[in-house]
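Since the structure comes first, as structure tokens, the remarks are kept for the end.
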Amino acid sequence: MIVKNEEALLERALSSIIEHVDETIIVDTGSEDNTKDIAKRYTEQVYDYEWNNNFSDARNFAASFAKSDWILVLDADEYVEQENINKALTELEYLEEKYSVLAVNIINFSGHYGESIAQHRHARLYKNNGFIKFYRSVHEQLMHVEDETISIGISSLILYHSGYITKEIQDKDKSNRNRSLIENELEIEQSKGFDYFNFGNEYRIKGETQKALDCYVKAYKYKVSFQQDWIPFCLCNMVECLIMLERFDAALQIVQDAEKIYSETVDFLYLRGHIYLVQNQFNDAKNIFLEIADNQDRFKSVIKSKDFLEYLPNKKLGYIYAEKEDYQRAVHFFVTAYNYNNFSLESIYQLVMILKKFHTESEIYEFITSKILQETNNKLIHELLQLSANEGLFEFCRKIVNHYFINHKNIQEGLNYKLGVAESTIDLRDKSTSELLEIVSTKLLDILDLFIINYDLKNPKHDNVERVLKGSELSDMYSLIHSPLDIKLTQLVSSKKVTLLIERIIAFNRLDLVDQFTDFILKNREHFEENVLAKIGNTLYNKNFKGAAFSFYTEAEMKELDAESYLNIIHGLLEIQEYADAKKYLLSAIKYGVKDYRIFEIALKYRNELGIKEKLIKKALDLYPYSQNLNSIL
């Protein structure tokens, strides 16, 4: 194991492995924390190594001290599961007759707290015979020292890797370091395809999607054969980049070709469904995800993530059926998704949002705690608490706090403050600015709540709240309300801020404040983004205030409406069979460049009532050539 400043994770790695190996060798490349002290609790074989920007050299240095027949390479941010490693070590008795190197499966956790999973295979077990060494300065590979062919087998060993969790990426500047080393490898020109693939991965970590895609395309051009293990990963990553860049046709073309080559894997079929869903092709997406959910045995393997087979299709079916207002099926699929992934905040939150339509808060609490939250995950539960409090579910939240956070005074107080905002009974005047910010840090009371405290005339004047607002992201809206004649904004107030605030006020059932706030926006419209009225309309429509929504749509100009606005208006007109006006808005949407799939779906579905011409039907089929749903409508 190579380490540097790994005090946060090293003990987890070593404690998982120590009872299963004959010796543990740790090479430290310059730690400045307690890494070496932790290491010495587990082994006497801790060696210093002067870092030379070459991982293979460091790994080979560590291996030079090994005495056992086999070497297992483990990183500090990895760990093993006890039953699995026992099985893998037992396998060595017969695998060592055939192979000198074994690839293991590495499960990578990513996201904020490991809620997303990806996997890949990597050669990590090899015979300690003196003929096998690592090469490459980064993304090391094993090779025979005399360039002979190495026999590589597959081990059942699984390594769990947390190095892609958001906080760990931020804490260690691995990406910049790795990119520099990959650039050096490219100059050597031994395996350009693999290097460009890894270069693309580093750009993705940094959020530079176009650069990542460019690297994946170069990598693919340098492929030797489709049997290279990084090729299917590269194709998956190319598709994901194209989706992020909204180049959906190009993504679907790759998917269509890749499905023929990797027909027994689920990944590309899942990505097809994901592309459909991103484009609001709900029926097309539903059919794909049902095909996966109902036929899991058909897929012999996964390339990138088991989530593509189990968790994600079910979660997305939950969204689709909720969109279709088929709430019974939506609940079924969200529960199934959560059972596959107990870190899925989205699944459990969506369940709560559906259940609140039909059940009391006490009933929701009983269901969630008895049927869903069977394992305590305080971080996830705390985030669920925040989201539920923002929706005004205070009885549910109180029960959650009393169940899981009874000894957390700051969380108890935070919920009390939140309820006080909703009921206009809050008084924080005795709090200093720093104390107020500490309350906000619990994330139960947030900057939107402080804005409501300040805006609600039923509350006493809070000078401390005003000080916080003046230094917050809502400072522009605060200044506009309090000094409308003096204000000189450098940029228009974001529509997103407006809609978030309206959603919160509606959740707290303060409709008087909604009217007060929206009237203010109408009177000061020039200070807000051009689409603000359309966005307010969408928010009110989604909260079932459809009459109020249409009044805002009427105030907006046609060119200011977005896809959601047009769809809401058209659906409303179709419900009352006002086909002429529905057609007017449909054609206006297309005129102003709205290419939302649902607009064209309506055009084809109601083509007779709306008198839709063949030219528009052809345009729909040209824009969405892969949609079976559009063809079935015709």
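The values are calculated or read from the model by the stated rules, or taken from the named source; none is laboratory data. Everything numeric here is computed off the predicted structure, so don't read it as measured data. Note that we place each Cβ from the backbone using ideal geometry, even for glycine, and neighbour counts take in every protein chain shown.
Screening residue 292 against (1) at positive phi; (2) touching a Pro at 6+ places or on another chain (Cβ under 6 Å) leaves a single unmet condition, (1). Scanning the range 449-473 for residues that are in a helix (DSSP H, G or I) and either free of Cβ contacts under 8 Å to residues at least 12 places away in the same chain or at positive phi (or both) returns a single hit, 470. Is it the case that some residue within the range 225-245 is surrounded by fewer than 17 Cβ atoms within 10 Å (Cβ to Cβ) and within 24 Å of the chain's Cα centre (by Cα)? Checked the range 225-245: at least one residue is surrounded by fewer than 17 Cβ atoms within 10 Å (Cβ to Cβ) and within 24 Å of the chain's Cα centre (by Cα). Only one of the numbered conditions (1) under 19 Å from residue 600 (Cα atoms); (2) among the charged types (D, E, K, R); (3) modelled with pLDDT under 95 is violated by residue 298, and that is (1). Among residues of the range 143-164 that are free of Cβ contacts under 8 Å to residues at least 60 places away in the same chain, those with a beta-carbon under 7 Å from a residue that is exposed (fewer than 14 other Cβ atoms within 10 Å of the Cβ) and charged (D, E, K, R) at least six positions away or on a different chain give the pairs 151/98; 153/98. Residue 381 falls short of the stated requirement of being free of Cβ contacts under 8 Å to residues at least 60 places away in the same chain, of a type in the set (Val, Ile, Thr) and touching a Gly at 6+ places or on another chain (Cβ under 8 Å).
With farther than 20 Å from residue 282 by Cα and either at pLDDT 95 or above or assigned to a helix (DSSP H, G or I) (or both) as the only criterion, which of 621, 616, 630 stands out? Within the list 621, 616, 630, the selection yields 616. Where helices (runs of 4 or more DSSP H) sit wholly within the range 328-442, those with at least 1 residues that are surrounded by 15 or more Cβ atoms within 10 Å (Cβ to Cβ) and among the basic types (Lys, Arg) occupy 394-404, 409-423.
Criterion first (of a type in the set (A, V, I, L, M), more than 32 Å from the chain's Cα centre (by Cα), at pLDDT below 90 and under 24 Å from residue 526 (Cα atoms)) does residue 481 satisfy it? Yes.
Being at pLDDT below 75, surrounded by fewer than 14 Cβ atoms within 10 Å (Cβ to Cβ) and not β-branched (Val, Ile, Thr), is that true of even one residue in the range 126-141? Within the range 126-141, not a single residue is at pLDDT below 75, surrounded by fewer than 14 Cβ atoms within 10 Å (Cβ to Cβ) and not β-branched (Val, Ile, Thr). One residue is enough: does the range 509-516 have a residue meeting the conditions among the acidic types (Asp, Glu) and either surrounded by 15 or more Cβ atoms within 10 Å (Cβ to Cβ) or part of a helix (DSSP H, G or I) (or both)? There is at least one residue in the range 509-516 that is among the acidic types (Asp, Glu) and either surrounded by 15 or more Cβ atoms within 10 Å (Cβ to Cβ) or part of a helix (DSSP H, G or I) (or both).
From 275, 303, 288, which residue is of a type in the set (A, V, I, L, M, F, W, C), modelled with pLDDT of 95 or more and closer than 21 Å to residue 213 by Cβ? Step through it out loud before you land on a result.
On the way: 303 fails: modelled with pLDDT of 95 or more; 288 fails: closer than 21 Å to residue 213 by Cβ.
None of the others qualify; the one that does is 275.
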